[in-house]
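So the structure is just underneath, and the comments pick up after that.
Every number in this text was worked out from the coordinates using simple rules, so none of it is lab data. All values reported here derive from a predicted model rather than from experimental measurement. So basically every Cβ, Gly included, is an ideal-geometry build from the backbone, and we count neighbours across all protein chains shown.
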């Protein structure tokens, strides 16, 4: 795997306490398991993992506090946070809105890491993953959104988002098996 690749994990530290969160939960849990496998494989090849996460209007918390909130047993998103816990060598960027690039230092971090290729995973495929992938595409990164590592509130919405990314932006949406190929 070239050192120029970075793995983005979008909004997987997530309380899932929003409208549609309950519907997304089973797909998100399945995606979390596949993202965890992909993360282990890519990190073994020296690829940095970057958690690009909404702050869920928790303006006074840092990332580790957000993880603790989401890992709490009462949180519908606890299985996601437990399957994908950040490790000490992982990076994180808190975002105020949909795209990981909007009003965040993500572009600076990627430049510092020398990243030119992004593997974008997470939720929601038709929201934050889509806008992050579109912004990455506009910034001329090579983008791969592994179709088995994203989720939305319905499979149909995921499929539509992936089709848009593939057809309109020529983004690679093959499964995680091809990440790094």
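Numbers at a glance
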| read-out | value |
| --- | --- |
| Stokes-Einstein diffusion coefficient of the stretch 66-134, Kirkwood radius over Cα pairs, 20 °C, 1.002 mPa s, in µm²/s | 158 |
| Simple label model, 7 Å out from Cα along Cβ direction - residue 58 to residue 29, nm | 2.1 |
| Contour excess over end-to-end distance, with Cα ends at residue 74 and residue 4 and 0.36 nm allotted per residue | 21.3 nm |
| Zone residues, the stretch 125-149, relative to residue 116, backbone N less than 18 Å from point 7 Å out along Cα-to-Cβ | 136-144 |
| Simple spin-label estimate for residue 102 and residue 174 in nanometres, 7 Å along Cα-Cβ | 3.2 |
| Structure-based [θ]222 nm, the chain - -39500 (n - 2.57) summed over DSSP H runs of at least 4, per residue, nearest 500 | -12500 deg cm²/dmol |
| The stretch 5-178, relative contact order in percent, only Cα pairs under 8 angstrom and at least six apart counted | 28 |
| Antiparallel bridge percentage (DSSP; both residues within the chain; nearest 5) | 0 |
| Scattering profile of the stretch 5-178 at q = 0.14, 0.18 Å⁻¹ [log10 I(q)/I(0), Debye over alpha-carbon scatterers] | -0.64, -1.13 |
| All-pairs Cα distance distribution in the stretch 78-181, expressed in whole percent, bin size 10 Å | 14, 47, 35, 4 |
| From the C-alpha gyration tensor of the stretch 1-107, square roots of 5λ in Å | 22, 17, 12 |
